[in-house]
Amino acid sequence: MEENGEKKSFFARIKEGGVKKKIPKAIQKKRNNYKLRRLVAPKAPLTVLNELLGKEEPVTYTFMDTDGVNPNMPHMFTAQATVYGENYQGLGPSKAIAKNICAEQVIQAIVARKCKEKRDSMETGDENEKPKNEDETPWASLASLALFKLFNDWQAQGYALPQELNKAAPPAKLFTEGVKKEEKRPAKVKEVPENPTSKHPVQLLNELNGPIEFELTGEAGELPHGKVFTMSCTIQEKAYSGTGKNKKDAKKATAEAVLADIYKINYPAPEVAAV
């Protein structure tokens, strides 16, 4: 760059913003990989469906208990939903799984619908047809769902999924403040209290992991003495369950199972009263 026939110095050009710092290819590759990770982070069908529909048409699920239909089958739930006037169903051993299977059926229908709309607009030659470089097919959502199903399949085969693949991507600002900031990513992990077993298992689990949704997944026996309840929950894509003489005790047993597996917190066994 020259001014009045004289070439400006390097520092003068930096001051005027005429020199841009060259980003190493290795760092640029990491940044591109980070952007892709945020765009296609693994998401469950329920999350993907809510993102596709937004506030357009909130989905309401109803449940039908299919226990007893086949005595050789485990306790199952059927989730039902109506979207765009069409009915969809999902069958699973818990309400959460049934809802996700139902949501996936809806996603398939939405994708097919968007693809058909695109074909119809191309065949009619509508003047208002979108440019060829635009596509309404939710590719990012489908990729997120595909990753979720892939990781779920790995875990079903016994593969221990690394924590990095389960975590949400860190805030975007980390990549706008230089390479050193990228290398320093403190994990925000809630600390386990000094005496964790002094707290009720359900309370402690909610404090460490956030609010947990427990579901009644089984009942056996007869009241008043032989009734046994089974409560279940899903955390980090893993199912846990516990039993008790009432729903409260079953929920407590479930929370204890989660705390022992994830946080290595073991509650002492209840003392048995002497006869």
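The values are calculated or read from the model by the stated rules, or taken from the named source; none is laboratory data. Worth saying up front: this structure is predicted, and the values here are computed from it rather than measured. Ideal geometry is used to build each Cβ from the backbone, glycine not excepted, and the neighbour counts take in all protein chains shown.
Regarding Val69, is this residue aliphatic (A, V, I, L, M), more than 27 Å from Glu219 (Cα to Cα) and at pLDDT below 90? Give the steps one after another, and end with the answer.
Details: aliphatic (A, V, I, L, M): yes; more than 27 Å from Glu219 (Cα to Cα): no; at pLDDT below 90: yes.
No: the conditions fail for Val69.
So Gly158 clears everything in (1) surrounded by fewer than 10 Cβ atoms within 10 Å (Cβ to Cβ); (2) modelled with pLDDT under 75; (3) outside any helix (DSSP H, G or I) except one condition, right? Which one?
(2)
Which residues, counting only those in the range 239-254, are touching a residue at least 12 places away in the same chain (Cβ under 8 Å), more than 27 Å from Ala160 (Cα to Cα) and surrounded by fewer than 17 Cβ atoms within 10 Å (Cβ to Cβ)?
Once the filter is applied, which keeps residues that are touching a residue at least 12 places away in the same chain (Cβ under 8 Å), more than 27 Å from Ala160 (Cα to Cα) and surrounded by fewer than 17 Cβ atoms within 10 Å (Cβ to Cβ), the range 239-254 yields Lys245, Asn246, Lys247, Asp249.
Within the bounds of the range 207-218, is there any residue that is acidic (Asp, Glu), in a strand (DSSP E or B) and either farther than 19 Å from Tyr263 by Cβ or modelled with pLDDT of 90 or more (or both)? Even if it seems obvious, please write down each step before you answer.
Start the filter on the range 207-218 by keeping residues that are acidic (Asp, Glu), which leaves 207, 213, 215.
Within this subset, residues satisfying the condition of being in a strand (DSSP E or B) are 215.
Now drop any that are not either farther than 19 Å from Tyr263 by Cβ or modelled with pLDDT of 90 or more (or both), which leaves 215.
Within the range 207-218, one or more residues are acidic (Asp, Glu), in a strand (DSSP E or B) and either farther than 19 Å from Tyr263 by Cβ or modelled with pLDDT of 90 or more (or both).
Among the residues of the range 221-238 satisfying the criterion of being under 27 Å from the mean Cα position of the chain (by Cα) and surrounded by 14 or more Cβ atoms within 10 Å (Cβ to Cβ), which is modelled with the lowest pLDDT?
Filtering first and then ranking leaves Glu237.
Residues of the range 245-265 being part of a helix (DSSP H, G or I) and more than 10 Å from Pro201 (Cβ to Cβ), which ones? Steps first, answer last, please.
Of the residues in the range 245-265, the ones part of a helix (DSSP H, G or I) are 247-262.
Selection gives Lys247, Lys248, Asp249, Ala250, Asp261, Ile262.
So how many residues does the range 200-220 have that are loosely packed, with under 13 Cβ neighbours inside 10 Å and polar (S, T, N, Q)?
Adding up the residues that qualify gives 1.
Which one of these is more than 18 Å from Glu51 (Cα to Cα), aliphatic (A, V, I, L, M) and at pLDDT 85 or above: Leu165, Leu150, Leu145? Break it down stepwise before answering.
Working: Leu165 fails: at pLDDT 85 or above; Leu145 fails: more than 18 Å from Glu51 (Cα to Cα).
Step by step, each of Leu165, Leu150, Leu145 is checked, and only Leu150 is more than 18 Å from Glu51 (Cα to Cα), aliphatic (A, V, I, L, M) and at pLDDT 85 or above.
Among the candidates Glu104, Glu127, Glu117, Glu123, single out the residue that is assigned to a helix (DSSP H, G or I) and at pLDDT below 75. Spell out the reasoning first.
On the way: Glu104 fails: at pLDDT below 75; Glu127 fails: assigned to a helix (DSSP H, G or I); Glu117 fails: at pLDDT below 75.
Exactly one of Glu104, Glu127, Glu117, Glu123 is assigned to a helix (DSSP H, G or I) and at pLDDT below 75, namely Glu123.
Among the candidates Thr60, Thr82, Thr78, Thr47, which residue alone is in a loop (DSSP other than H, G, I, E, B) and modelled with pLDDT of 85 or more? Show your work before the answer.
Numbers: Thr82 fails: in a loop (DSSP other than H, G, I, E, B); Thr78 fails: in a loop (DSSP other than H, G, I, E, B); Thr47 fails: in a loop (DSSP other than H, G, I, E, B).
Matching residue, one of Thr60, Thr82, Thr78, Thr47: Thr60.
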